[in-house]
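The values are calculated or read from the model by the stated rules, or taken from the named source; none is laboratory data. The shown structure was predicted, so the numbers you read here are calculated from the model rather than taken from an experiment. We place every Cβ from the backbone using ideal geometry, glycine too, and count neighbours over all the protein chains shown.
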């Protein structure tokens, strides 16, 4: 789940400057945890064709597994925040990493479809229900108000860097096993899964031994108000900017999901598994560049304006994937894949930053994030089915051309939603100035 869950915004945290080193150290540990736990769930973005062969499943069955995973994520967003409020985050993170790693060891045995369903279902709980809300809550607690964007940007870009490093090592293991030692792709894939599984277990063991740094917290007076869930929901429903933000996340997440299929698409274009894996691994290296770079550009210019540009360019890139194969230019195709990765990660680094522009009361910010998460990440439940259906019923390039065309259409809608949000923000600023 490369995605945010509910953050229960019950307190505003104020930390002393002398605690800065401890806060950054803890952020580093959270980045390592987030960067290590999710790649094993999404090995399809580098090894999809290999997975289909080793696990003895087809595209539709793979789609069912990821649709089920997405459904569990969807159901976990709201209760995960409740759980993170009641149990120490570091213990929840420890459990998540250990359990995910142990499930990975079972996954390495290439179990039956029933076993795969159990594994993916449990992964949905260990990385959704018990993990992500705990990480987000901990980041929110250790970051000062003026550091929220910076800390969340480092979290997303930093975990991307960890993912890219692990993916590079994993690809090296896979290539060494299959090409240098002449082992089967099944053995090569097992080495990859072992790497991620034992990494999760090791990081979990380290995290649980390190106590959280002490911090000075003060409750905001507004948070002492009595909550009324129905009234809070009504308040949020009446904020048009929130729904535009939700639409942007929904559309931007479509583009991110499309990147999971690049490896299979490239292999269908004639590349070897190692070559396609190399290109998609390079694409992963765009995450720290796109995430952190996009955030810095957003701070310098405008978060929403930079987001509009990134959405538009990613949409055009998707159309390029539909048209460029007919030009028989492999270099152009590879460049487009990497460029889309760069834009996608810039989008991911920015679409939560714009929430600050939606005039959401601090007291119900957590509930707002939960609503945006539930709707915005809804594609987890149906995009795998769309992808599986199109690639199964329209084999070869045609299936992916249809799939990427659909993604491009949704990306265009997201661009329009972002433009509408920018217009409302400008009108609101102008109105406030006139009122002053």
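Scoring residue 200 on the criteria (1) under 30 Å from residue 96 (Cα atoms); (2) surrounded by 11 or more Cβ atoms within 10 Å (Cβ to Cβ); (3) at pLDDT below 80 leaves a single failure, condition (3). Flag: residue 114 does not match the condition of being within 20 Å of residue 73 (Cα to Cα), modelled with pLDDT of 90 or more and under 16 Å from the mean Cα position of the chain (by Cα). In the range 340-364, the residue that is modelled with the lowest pLDDT out of those that are assigned to a helix (DSSP H, G or I) and over 20 Å from residue 414 (Cα atoms) is 362.
Does any residue of the range 387-399 turn out to be closer than 25 Å to residue 284 by Cβ, without any contact (Cβ under 8 Å) to a residue 60 or more places away in the chain and in a helix (DSSP H, G or I)? Yes, the range 387-399 has at least one match. Contact map, the range 410-436: residues that are within 12 Å of residue 245 (Cβ to Cβ) paired with residues that are surrounded by fewer than 17 Cβ atoms within 10 Å (Cβ to Cβ) and at pLDDT 85 or above, Cβ distance under 8 Å, separation 6+ or inter-chain. Pairs shown: 422/305; 424/240.
Return yes or no: is residue 429 closer than 22 Å to residue 236 by Cβ and surrounded by fewer than 17 Cβ atoms within 10 Å (Cβ to Cβ)?
Criteria met by residue 429.
Residues that are surrounded by fewer than 23 Cβ atoms within 10 Å (Cβ to Cβ) and closer than 28 Å to residue 151 by Cα do occur in the range 66-74, at least one of them.
Annotation: residue 376 fulfils all but one of (1) within 20 Å of residue 77 (Cβ to Cβ); (2) modelled with pLDDT under 85; the unmet one is (2). Only one entry in 63, 81, 149 is assigned to a helix (DSSP H, G or I) and either out of contact with any helix residue (DSSP H, G or I) (no Cβ under 6 Å at 6 or more places or on another chain) or at pLDDT 75 or above (or both), namely 63. Restricting 337, 306, 274 to residues that are part of a helix (DSSP H, G or I), in contact (Cβ under 8 Å) with a residue 12 or more places away in the chain and surrounded by fewer than 19 Cβ atoms within 10 Å (Cβ to Cβ) narrows the list to 274.
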